[in-house]
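I have placed the structure first, in the form of structure tokens, so that the comments after it can refer back to it.
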Amino acid sequence: MTTTTETGASSKPAKKVAHLTPKQRSLLGKEARARVPRASHADFEPARDRPDPVSLLERQAVSRVPELVPIRYGRMLVSPFTFYRGAALIMASDLARTPASGLTTQVCGDAHLSNFGLFASPERSMMFDVNDFDETLPGPWEWDLKRLAASVVIAGRDQSFSKKDCAVGAKAVGTSYREEMRRLAASGNLDVWYSHVDIEEIIAGLTAQAGRQKSKAATQAAAQMASKASSIVAKSRTKDSLQAQDKLTEVVAGRRRIVSDPPLIVPLAELSAEHQPDALLESLQQMVHSYRRTLQTDRRHLLEGFELVDVARKVVGVGSVGTRAWILLFQGRDGDDPLFLQAKEAESSVLEEFVGKSQYANHGERVVAGQHLMQAASDIFLGWQQAEGLDGVTRDFYVRQLRDWKGSFDVEGSIPKGLATYAGICAQALARAHARSGDRIAIASYLGSGATFDDALADFAESYADQNERDYDEFKKAVADGRIRAESGL
């Protein structure tokens, strides 16, 4: 049997889905536990034929903008934690040799502490969730959890936290994930789909917690966390396209233009002096038209009310530096009705060589599909496109709003108690994301009700933090020896 599309073409038969009972799904988890004991997740030993970490970074650089690669290296050079943020491929290579239960979900692929944050839902409520999906693919749920737990220890060490504090933070990842997955396993499908991390509830809980502490130090810590979270939420609500327009643009000859700030922000006209800017803008209009077709009908209609007026290349993040990212300024009703979109290049996921290629021909669509699966709510302008660059090469992109109440927590400036609390919240969001696409009952059954997995995860995190420091030292040596060039301070 085949299905017919709107254009009349035949598509492949719909995939038949098996529907197991909760008891059967629970048994899958217990069988996986027998094959791969939970305590085995503590193990990490670098393989004898482990690839040189700097070589892996150099391999990634081949497809990136050459003049931006030194900026990426400069940002990674700041600390072991910033190095870790850019080392997703290195860790994926290591994780491929670690134990895995065989239970798969849609995974983030780069679930470190700084890839969680705040953003606005379509209903204009504040959400907290995973917010980076460049590497998303179906894969072992343990890989996301191990990357998150290791990032806790690395971030703690960067701030000179004690070994005990780092271990508490890493274990909080396992405990929070396990308990949330257990809760979701007992919930109905729709309840899981609609569940989300309520940041206002978390702030209220921290405030109440401050009033219940027995010591002055604990009271101050809880109050500090509540106050800091409230401040971040309030600041996030000011980050929108109007604020971006005030910060990133100026009026030139009566027309709104993105301000040049090379090499971090370079308007399109400056990147291609030999072309006519107006002609290039017209070409980009056609690309936007193509992207619009990937949106829901109502959102496509909304976007059609905005006119594209300027474009610039923008350097973003740490690991993403060197990939092509554009900011697009649109104008709606008038000059006080701006919309900023970001078109970010989507390359193949770092996980592909270890878990198999994506089912999507366009990596922008891969990112969007993964984000829709994992996030409780996604940007209304989230879509994808394929575009030819100034160099004549066609590349995949995904598109989203540049700023829509987006906010992040200052991982580097946290206190030990705050780091553990934040790590637990991130793990809770990750469990909900995995439960939407994977077998939550089987995963919960595998994890069980005890702390065996939590302890193993904390041990792994400490061992991998040691490996990250060794890799960071190798990276610093490569810079010092002139093997690679890093440009700091940008």
Which numbered condition Glu250 misses (of (1) charged (D, E, K, R); (2) assigned to a helix (DSSP H, G or I); (3) over 25 Å from Ala444 (Cβ atoms)): (2)
Any residue in the range 60-73 that is closer than 25 Å to Ile443 by Cα and surrounded by 18 or more Cβ atoms within 10 Å (Cβ to Cβ)? no
I'm checking my understanding of the structure. Among residues of the range 445-472 that are farther than 18 Å from Trp143 by Cβ and of a type outside the set (S, T, N, Q), which one is surrounded by the fewest Cβ atoms within 10 Å (Cβ to Cβ)? Gly450
Hey, can you tell me all the residues within the range 164-217 that are over 20 Å from the mean Cα position of the chain (by Cα), of a type outside the set (D, E, K, R) and assigned to a loop (DSSP other than H, G, I, E, B)? Ala186, Ser187, Gly188, Gln213, Ser215
Residue check: is Val367 modelled with pLDDT of 95 or more and out of contact with any helix residue (DSSP H, G or I) (no Cβ under 7 Å at 6 or more places or on another chain)? yes
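So which residues in the range 164-183 are of a type in the set (A, V, I, L, M, F, W, C) and buried (at least 22 other Cβ atoms within 10 Å of the Cβ), if there are any at all? Spell out the reasoning first.
Start the filter on the range 164-183 by keeping residues that are of a type in the set (A, V, I, L, M, F, W, C), which leaves 166-168, 170, 172-173, 181.
Answer for the range 164-183, where residues must be of a type in the set (A, V, I, L, M, F, W, C) and buried (at least 22 other Cβ atoms within 10 Å of the Cβ): Cys166, Ala170, Ala172, Val173, Met181.
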Checked against (1) surrounded by 14 or more Cβ atoms within 10 Å (Cβ to Cβ); (2) hydroxyl-bearing (Ser, Thr, Tyr); (3) under 19 Å from Asn468 (Cβ atoms), Ser55 satisfies every condition except (1)
For the range 234-267, the count of residues that are hydrophobic (A, V, I, L, M, F, W, C) and surrounded by fewer than 16 Cβ atoms within 10 Å (Cβ to Cβ) equals 7
Filter the range 126-140 for residues that are under 15 Å from the mean Cα position of the chain (by Cα) and farther than 12 Å from Val350 by Cβ; which is surrounded by the most Cβ atoms within 10 Å (Cβ to Cβ)? Phe133
Within the range 347-370, tally of residues that are buried (at least 24 other Cβ atoms within 10 Å of the Cβ) and either farther than 11 Å from Pro138 by Cβ or among the aliphatic types (A, V, I, L, M) (or both): 4
Scanning the range 375-395 residue by residue, those touching a His at 6+ places or on another chain (Cβ under 8 Å) and at pLDDT 95 or above turn out to be Leu382
From the list Glu307, Glu353, Glu347, pick out the single residue that is among the acidic types (Asp, Glu), outside the structural domain of Asn131 (by TED's automatic domain parsing) and under 19 Å from Phe381 (Cβ atoms). Glu307
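The values are calculated or read from the model by the stated rules, or taken from the named source; none is laboratory data. Please read all numbers here as calculations on a predicted model, not as lab measurements. Every residue, glycine among them, receives a Cβ derived from its backbone with ideal geometry; neighbour counts consider all protein chains shown.
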